[in-house]
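The next block holds one structure in the form of structure tokens; read it before the comments.
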Amino acid sequence: MANQKSVDLGKVLLHIPRYLFASPHAGISAAVALCIFLLAAVPPAQGQTYPNKPITLVVGFPPGGPTDVSARIVSTALSNSVKQPVIVDNRPGAGGNVAAGVVARADKDGYTLLLTQIATHGISPSLYKKLSYNAKEDFSPVTQLINVPVMLTVTPSMPVKNVRELIAYLQQHPDQVNFASGGNGTSMHLSGELFKYMTGTRMTHIPYKGSSTAYPDLMSGRVQVMFDPMTSIFPLVQSGRLRGLAVGSKTRVPTAPDIPTIDESGVPGFEVNSWFGVVVPKGTPSDIITFLYQEFAKILQREDVRNQLASVGAIGVGSSPPQFAKFIDTEIEKWRRVVDSAGLKID
């Protein structure tokens, strides 16, 4: 637990008037005075440690999706570790930006955390002209919790078996291939733009209202390509309804070891993960940030937690606050280049 300042009783006793003990007749009045003095000097026991009440983890997406599922796995483990309830508060809207705005204005006491992700602290700072928060100035990083690799998939009728063949096909058919996403400005959309930027190819973006609404068109061939988090799309690859070409992580994914990375498949340096982390409002005491980081790092080492995350395609990270801060800086700069290259802006 993160201990608050304790009272040095030895120093307190030095300030007790000596006349209280000078006479054997001081008796009860002296004892009563001493008790009152000590009780006034010592804070209540429940105020000595953090946390001493429920913690709220604000999530910028609706219940039931991959972000929410990951949040609940981690929040349950944290609750068991710190012996306090950790409440998931779903605040969907604008790709997580609504939730980020709420937490930016929250009390700086460590009881309101934001489950941030690639949109709020990677893409949105460059994509949106106006935000209700500043990703770097309004928050203090705690830890990057997990990575969820993005998977590059194609419709089964597409005449390509790997990334190199896809690039060659796109070069031969510029602007004739459509790639789907769960909406303008989402990580899925920007993954496609990054791929185009790094390969010098051209595809037409077709936004949908969520990934699941794009799947029928992708399976039928109305759209041909899609980048999507493994948590959502991998079951369709396993069933043969889609063809998985590669994953966007730096290394291959243990749950899909036969699928190569995009980096090793002809696009060196390509890396996209639908990552999640924890940040708190700027001004939160450093000892609380350190305590939270240590707790999250500890639970991410637990085998049961790692297995639960792996079951939804997520990989535990547990980076330190400085490491996470550096990672956020890198993500913001990477997606700024992509947004500028594609000429994207959302009012």
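Using alpha-carbon pairs under 8 Å, 6+ residues apart, how would you state the relative contact order of the chain in percent?
24 percent
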To the nearest 20 debye, what is the magnitude of the charge dipole of the chain about its Cα centre, counting +1 on the Cβ of each Lys and Arg and -1 on the Cβ of each Asp and Glu?
-> 260 debye
Which of the lysines could be linked to K326 by a straight reach, that is with a Cα gap under 24 Å, when you skip same-chain ones fewer than 8 residues away?
-> K108, K129, K130, K136, K250, K282, K298, K334
Whole-Hz ³J(HN,Hα) from phi, Karplus 6.51 cos²θ - 1.76 cosθ + 1.60, for segment 321-335, glycine and proline x | x, x, 5, 5, 4, 5, 4, 4, 4, 5, 5, 4, 5, 4, 6
Of the candidate values [x] 22.9; [y] 25.6; [z] 22.4, the one computed for Kirkwood radius over Cα pairs in Å from this structure is [z]
Could you run the Karplus curve 6.51 cos²θ - 1.76 cosθ + 1.60 with θ = phi - 60° over segment 212-225 and give me ³J(HN,Hα) per residue in whole Hz, x for Gly and Pro?
-> 4, 6, 8, 4, x, 5, 5, 5, 7, x, 5, 10, 10, 9
Given unit charges at Cβ for Lys, Arg (+) and Asp, Glu (-), the dipole magnitude of segment 150-265 about its Cα centre in debye, nearest 20, is 100 debye
Under a cut-off of 20 Å between alpha-carbon atoms, report the lysines in cross-link reach of K209, not counting same-chain residues fewer than 8 places apart.
-> K345
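Rule-based calculations on the coordinates, nothing more; no lab input. Owing to the predicted nature of the structure, the values given are computational and were not obtained by experimental measurement. Reconstructed Cβ throughout: ideal geometry from the backbone, glycine too, with neighbour counts over all protein chains shown.
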